[in-house]
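Input: a single structure, listed below in C-alpha cells.
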Amino acid sequence: MTSTFDIVVVGGGSNSLTAAAYMAKAGKRVLVLEKNRRCGGGVVSVEVAPGFIHDPHATGLMTCMVNPALAKNELELTTRFGLKFAQWEAAFTTLFDDGSVLATHQDVDLTAQSIAQFSQKDAESYRELGRRCVKLAPLLNAGAATPPMPFSRFMGLLDSDTTGIGAELASSLFNSAYDVICRYFESTEVRLHYLKWIGEAMENPESNGTGVLVYNLLALVHSSGPFAVVGGSQKLSDALVDCIEYHGGTVRTQAEVVKLTISGGRATGVVLADGETIAAKDAVLACIHPWRLKQFIPEIDDRTAADARAVKLSNHGAVNQQISLSREPIFIGGNASILRNSMVVEYMPRGDFLGMRKIYDGYKYGEIPYGHFNPLTIINSFIDKTRVPKPDQAALYLYHFAPMHLADGGIKAWDARKQEYGDLVWASFKKYTTNIDDSCILGRLIETPLDHHRHSASMMQGDIFGIGTAGGQILGRRPTPALANYRVPNIAGLYLTGPFMHPGGTVTLGGRPTAMVMYQDMGIELKRGFEI
C-alpha cells in the first residue's frame, strides 16, 4: 500500500530541512527522506576520539546568521529547540610565517587598525570599502534569504543607484576578486589575506565573475559576525528535525530515493531504492544536483536537462582533517589573544605572493601544491568547551584546498594519496606552532574530494559548494536561468533546493526562499511562516 503525504522531501541536508520546516509550520503533512544514517548533509558532526566533537564540513557560520530563520527566530530554533551559538571576536585572520597577524573583525575600524600595521594607505582604503559594504548589507543579506529576482532586473536596480556603489557592484559581477582587491590595496600582505579568503568560495580569485564575492563577504562579516554551534554543527540539523516533527512532520533516515514519479505533467511522488513508493498530494521538494536531474526525472525536457548538465563545478575542492589534540596549540609570534578568538586562521608565508596566486591554476590541472601549502584551521573548542573532554585539549579542523581530480588517476586516485596530502598539510601547520607534534594526536580523520563525493550527492566530484559560484552561476542564474526560481519547467508541483540553488554554498538555510515560492504557489499566506 502506498503511503501519502502532502509534501515529500528528497534529501535531509540543511537546505531541505529548512524548507521542510517552513512547510510543516504551515500545516502541511511533510515527509523528509534522507539516505544517510543522520540528517544534515554537510551540517554534521563526528566523534573522532572519545569525547571530541568535530564538524567535518560546515563549521564556522556567518551566512545563515542573517537569515530570518535565525535572525528573526521564524523557526524558533533557539527558543524552542535548544540551539545555541558561541560568537567569535574576529572572522578571518592570517598568521604569517614571521609571527605577524592581520585580522578581519566585525568592526570596520578594528580591521583597519590591523591593516595599518602593513599599510596606512590600505587602512584608509579599507575604511572606505568596509563602510560601503555595510550600507550594502541589508540589500545583499535580504537577497540571500528570498527568491532571486531576474538577473536583468537586478542589474537594472544597480544601474539606477545614484551613489556609485551600484555601478561598482555591477562591474564586480564581470571582474575578478583580484581586480577589486588590487584596486583598493597596495600591500602584499593585505592582498594575500583577502585573496585567500575569496578562495574559500572554491573559486580562483582571478577568475572573472568573482569580484562580487568581495562585497558579499565584507557586507556579511561586518553585519553579522562569525559563530559556532555549541556542541557541534549537527545540533543545527537536529534542531531543524525537531522543528519539523514538532509541527507534525516525519523524518526518515536510511531511506534513499532513486526516482521521482511524474503523471500528467505533475510530480506525484517518489520511489525508494527498496522499491517502496510514496505519494505526494501537493508537491515534491527535491535536493538533486543539476547533473543528475535527467536521472531522477526522465520526463524533464531535454533543453532544461542539457543546460543543467552543463553547469560548471568549482575551481577546486578540499582535503579536511579532524584532529583530536591532547593540548591546545600555542602559535608563533606574540598574538595569542586574537588567534584564539578568530573563527578562521590562515597560515601563509609573507613573501610568496606569486606562488599563492599560481596554485589556483594548479588545482584546475590536478596538481598538488608542493612547497606552497598554506592551511586553514578552525578550533571551535577555543570558545566551546563542550567539544572536548578536558578544557586544555583541542578539536582541530585542519583544511586545505585540493584538486578535485588529480592529474594522475583523477578523483579515484585520492584514496592512495590521502595520507600523503594530509601529512603535508599537517607538517605545514605544525611550523606555525611552538608545542604541537605528532605525539599530540589522539584521533585523526582525513577526508578528500573522493570522500566528499561519497558522503553526499550534493558534493558531486568532491565539490563542497555543489557547483561553482563564478561564471554567471549566481543570483537569478543559479544553477541556470530556467531553474533559478526553484521550479522545474513544465512539471507542476516539483521544487528544488540545495547548495546549487540560490544563494548557494556555505550554510545559508537556503530552503527558506524555496518555501516562500511554495507558499505563494499553494495560496498560503506568507505571514503564516515568515516575518515580513
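The values are calculated or read from the model by the stated rules, or taken from the named source; none is laboratory data. What you see is a predicted model; the values in this text were computed from it and never measured. Note that each Cβ is placed from the backbone with ideal geometry, even for glycine, and that neighbours are counted across all protein chains shown.
The figures follow:
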| quantity | calculated |
| --- | --- |
| Subset of the range 475-492 [β-branched (Val, Ile, Thr) and either out of contact with any Phe, Trp or Tyr (no Cβ under 9 Å at 6 or more places or on another chain) or surrounded by fewer than 22 Cβ atoms within 10 Å (Cβ to Cβ) (or both)] | Thr480, Ile491 |
| Selection count where residues are in contact with a His (Cβ under 8 Å, 6 or more places away or on another chain) and among the aliphatic types (A, V, I, L, M), scope the range 401-421 | 3 |
| One residue from Thr448, Thr497 being among the polar types (S, T, N, Q) and more than 22 Å from Ala280 (Cβ to Cβ) | Thr448 |
| Members of the range 195-204 that are assigned to a loop (DSSP other than H, G, I, E, B), closer than 22 Å to Phe151 by Cβ and in contact with a helix residue (DSSP H, G or I) (Cβ under 6 Å, 6 or more places away or on another chain) | Ala201 |
| Hey, Ile378 surrounded by 19 or more Cβ atoms within 10 Å (Cβ to Cβ), among the hydrophobic types (A, V, I, L, M, F, W, C) and out of contact with any Asp or Glu (no Cβ under 6 Å at 6 or more places or on another chain) or not | yes |
| Members of the range 507-523 that are surrounded by fewer than 19 Cβ atoms within 10 Å (Cβ to Cβ) and not in a helix (DSSP H, G or I) | Gly523 |
| Hits in the range 165-194 - residues which are of a type in the set (Gly, Ala, Ser), part of a helix (DSSP H, G or I) and either farther than 18 Å from Ala137 by Cβ or more than 24 Å from the chain's Cα centre (by Cα) (or both) | Gly166, Ala167, Ser171, Ala177 |
| Residue check for Glu168: at pLDDT below 95, acidic (Asp, Glu) and out of contact with any strand residue (DSSP E or B) (no Cβ under 7 Å at 6 or more places or on another chain) | yes |
| Options Ala318, Ala305: the member that is out of contact with any Phe, Trp or Tyr (no Cβ under 7 Å at 6 or more places or on another chain) and hydrophobic (A, V, I, L, M, F, W, C) | Ala305 |
| Residue that is surrounded by fewer than 18 Cβ atoms within 10 Å (Cβ to Cβ), in a helix (DSSP H, G or I) and not acidic (Asp, Glu), where the choices are Gly130, Gly156 | Gly156 |
| Residues being of a type in the set (Gly, Ala, Ser), more than 22 Å from the chain's Cα centre (by Cα) and under 30 Å from Lys235 (Cβ atoms) - total across the range 381-421 | 1 |
| Residue within the range 445-466 that is assigned to a helix (DSSP H, G or I), touching a strand residue (DSSP E or B) at 6+ places or on another chain (Cβ under 9 Å) and over 22 Å from Ala58 (Cα atoms) present | no |
| Criterion: in contact with a strand residue (DSSP E or B) (Cβ under 9 Å, 6 or more places away or on another chain), at pLDDT 95 or above and not small (Gly, Ala, Ser) - qualifying residue of Thr480, Thr506, Thr497 | Thr497 |
| Any pair with Cβ under 9 angstrom, 6 or more apart, that starts in the range 305-316 at a residue that is more than 16 Å from Gln295 (Cβ to Cβ) and ends at one that is basic (Lys, Arg) and surrounded by fewer than 23 Cβ atoms within 10 Å (Cβ to Cβ) | Asn315/Lys364; His316/Lys364 |
| Wholly enclosed strands (runs of 3 or more DSSP E) of the range 229-294 bearing at least 2 residues closer than 30 Å to Arg309 by Cβ and of a type in the set (Ser, Thr, Tyr) | 257-263 |
| Selected residue [farther than 15 Å from Lys35 by Cβ, among the small types (Gly, Ala, Ser) and surrounded by fewer than 18 Cβ atoms within 10 Å (Cβ to Cβ)] from Ala310, Ala273 | Ala310 |
| Filtered residue count, the range 332-356, keeping only those that are more than 19 Å from Asn435 (Cα to Cα) and touching a Phe, Trp or Tyr at 6+ places or on another chain (Cβ under 8 Å) | 5 |
| Residue in the range 339-355 that is in a helix (DSSP H, G or I) and closer than 25 Å to Ala86 by Cα present | yes |
| Which numbered condition Ala142 misses (of (1) under 20 Å from the mean Cα position of the chain (by Cα); (2) part of a helix (DSSP H, G or I); (3) buried (at least 18 other Cβ atoms within 10 Å of the Cβ)) | (3) |
| Some residue of the range 418-436 being in contact (Cβ under 8 Å) with a residue 24 or more places away in the chain, out of contact with any strand residue (DSSP E or B) (no Cβ under 8 Å at 6 or more places or on another chain), at positive phi and not in a helix (DSSP H, G or I) | no |
| The range 41-64 residues that are free of Cβ contacts under 8 Å to residues at least 40 places away in the same chain, paired with ones that are assigned to a strand (DSSP E or B) (beta carbon under 7 Å, 6 or more apart) | Glu47/Ile53 |
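Listed here are the residues, each with its yes/no results for (1) closer than 20 Å to Met343 by Cα; (2) without any contact (Cβ under 8 Å) to a residue 60 or more places away in the chain; (3) of a type in the set (S, T, N, Q).
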position	(1), (2), (3)
Arg183	no, yes, no
Glu186	no, no, no
His193	yes, no, no
Glu203	no, no, no
Phe227	yes, no, no
Ser233	yes, no, yes
Asp242	no, no, no
Val251	no, no, no
